[in-house]
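What follows is calculated from the coordinates using simple rules that are stated; it is not laboratory data. On a predicted model such as this, the values are computed, not experimentally measured, just so you know. Note that we place each Cβ from the backbone using ideal geometry, even for glycine, and neighbour counts take in every protein chain shown.
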Amino acid sequence: MKNLFLLLGLCLSFVVSAQKSADIEAIKGQCGCMNITFKYAETFAPDTAYEFHDRYLEHATEYVFVVEESANKVVIQHLLAINDTMVVKHWREDWTYRDPHLLSFNTANDFRYSNISNSNFKNGWTQKVYGTQDELRYAGTGEWAHINGKSVWESTADAALPRREYSHRKDYNVMKRGNRIHVTDKGYLHEQDNDKIIRAEGKEDVLLASEKGYNDYVRTDMSKCAATKAWWEKNKGYWQDVRAAWDKVENEHKSFTIKSKVDDQRLGSFFYNINKENLSSAENKKKLDAVLKDFIVFEKGI
């Protein structure tokens with residue numbers, strides 16, 4: 001009987017290890033030089049008087065690549081390639097395995113900590129999505145499924161308004177993202193079923209409208225991303241320091257709020273100016289810590 005339990009344990013360990021390896025392969029399968037089509041359309045509103053906004057359609061090319069990897073973590077960076085010469089640092093995604101720590105968006109760049117160690121996912125991965133200044137935007141958890149040559153992961157996560165809307169939409173303040181990622185040998189599809197929510201402290205959430213979204217990433221010739229690769233080689237040291245500064249914020253203080261401006265300047269202005277100074281890593285970190293100290297409001301006692 002003892003040998004039977006030992007054999008069962010070894011079999012279970014092998015299954016978990018094989019699943020995890022397939023998960024990591026799928027996560028890294030999102031990488032490459034990608035031609036992307038972004039499509040969004042509002043589909044439903046409970047108020048029949050609501051006027052649906054125009055559909056959104058855009059195209060872009062991104063270089064998507066791994067910048068950090070360890071046994072239980074994969075960090076992927078997205079860089080926008082514009083006109084083959086101009087580069088814009090886009091978003092970042094951190095994937096962590098069986099991570100009990102979850103920072104959830106509440107509203108107005110306010111993030112609330114929860115421990116999900118008792119949640120019912122055994123082989124779950126948390127995807128944390130970060131903005132252009134490596135500021136947290138949202139996080140969600142889910143398990144990968146690998147079926148018929150496709151890998152799929154899905155989660156639901158509250159988030160700030162997407163950049164395509166936050167500058168001109170004032171009628172809602174939370175996007176409840178239904179994310180579904182389909183990875184294939186050609187690239188991947190980021191399918192979304194999103195709810196646009198009106199949230200107020202002490203009140204129930206109100207649904208303004210729902211939307212359907214498709215971000216279709218199709219792998220293309222790497223030569224289209226040559227400029228982005230060169231840009232990253234020149235700037236990767238600085239952005240590694242930025243990630244380290246943000247890691248301190250998340251690790252030392254669980255719940256926090258990010259101010260939109262300090263001295264009438266946005267966070268990106270401060271980070272851009274520090275990068276221009278070409279400082280050492282130690283000097284970068286000192287200045288970055290000071291900037292974040294001004295921008296971050298920590299929840300008392302946490």
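Relative contact order for the chain using alpha-carbon pairs under 8 Å, separation at least 6, rounded to a whole percent?
The normalised contact order for the chain reaches 17 percent.
Once you have a ≥ b ≥ c as the square roots of the Cα gyration tensor eigenvalues for the stretch 254-302, tell me rounded if a/c is under 1.5, and otherwise prolate or oblate according to whether a/b is larger than b/c.
Oblate, because a/c is 1.5 or more while a/b does not exceed b/c.
Going by a ≥ b ≥ c, the root eigenvalues of the Cα gyration tensor, does the chain fall in the rounded group (a/c under 1.5), the prolate group (a/b larger than b/c) or the oblate group?
Working: a/c = 1.24, a/b = 1.14, b/c = 1.09.
It comes out rounded by the Cα gyration axes.
Can you tell me the length gained on complete extension of the stretch Lys170 to Lys186, counting 0.36 nm per residue apart and subtracting the Cα distance?
Values: separation 16, 0.36 × 16 = 5.76 nm, distance 3.76 nm.
Stretched fully, the Lys170-Lys186 segment lengthens by 2.0 nm.
In whole Hz, what ³J(HN,Hα) sequence does the stretch 185-194 give by Karplus (6.51, -1.76, 1.60; θ = phi - 60°), x for Gly and Pro?
6, 9, x, 7, 10, 9, 8, 9, 10, 10
Ser255's amide H: which non-local residues (gap 5+, or another chain) put their own amide H closer than 5 Å, with H modeled 1.01 Å from N in plane and none for Pro or chain starts?
Here Tyr113, Glu299 satisfy the definition.
Can you flag which of Lys39/Lys212; Lys28/Lys176; Lys89/Lys293; Lys73/Lys122; Lys128/Lys287 are past 19 Å Cα-Cα?
Lys28/Lys176; Lys89/Lys293; Lys128/Lys287
Please turn the phi angles of the stretch 36-42 into ³J(HN,Hα) values with the Karplus equation 6.51 cos²θ - 1.76 cosθ + 1.60 (θ = phi - 60°), one per residue in order, whole Hz, x for glycine and proline.
Going residue by residue, I get 10, 10, 9, 9, 9, 8, 5 Hz, with x marking Gly and Pro.
What residues qualify as long-range amide H neighbours of Thr220, i.e. H under 5 Å apart, gap of 5 or more or another chain, H built at 1.01 Å from N?
The list, which skips near neighbours in sequence, is Cys33, Met34, Asn35.
Just to check I understand the Karplus step: with θ = phi - 60° and J = 6.51 cos²θ - 1.76 cosθ + 1.60, what whole-Hz values come out for the stretch 62-68, glycine and proline as x?
With coefficients 6.51, -1.76 and 1.60, one gets 10, 9, 10, 7, 7, 10, 8 Hz.
At R0 = 51 Å, how high is the FRET efficiency between Asn106 and Ala230 if r is their beta carbon distance? Nearest 0.05 is fine.
In this case the efficiency is close to 0.85.
Taking amide H positions as placed in the peptide plane 1.01 Å from N, state which residues far from Gly29 in sequence (5 or more) or on other chains have amide H under 5 Å from it.
Amide H to amide H, under 5 Å and 5 or more residues apart or across chains, Gly29 pairs with nothing.
Residues of the stretch 17-42 with amide nitrogen under 11 Å from the 7 Å Cα-to-Cβ point of Val66?
Backbone N within reach: 24-31.
How much length is gained on full extension from Asn118 to Leu161, taking 0.36 nm per residue of separation minus their Cα-Cα distance?
Additional length available on full extension: 12.5 nm.
With the cut-off at 1.5 for a/c, could you classify the stretch 152-276 from its C-alpha gyration tensor as rounded, prolate or oblate?
Oblate is the answer for the stretch 152-276, as a/c is 1.5 or above yet b/c matches or exceeds a/b.
Over the stretch 206-301, what is the relative contact order in whole percent, taking alpha-carbon pairs under 8 Å and six or more residues apart?
36 percent
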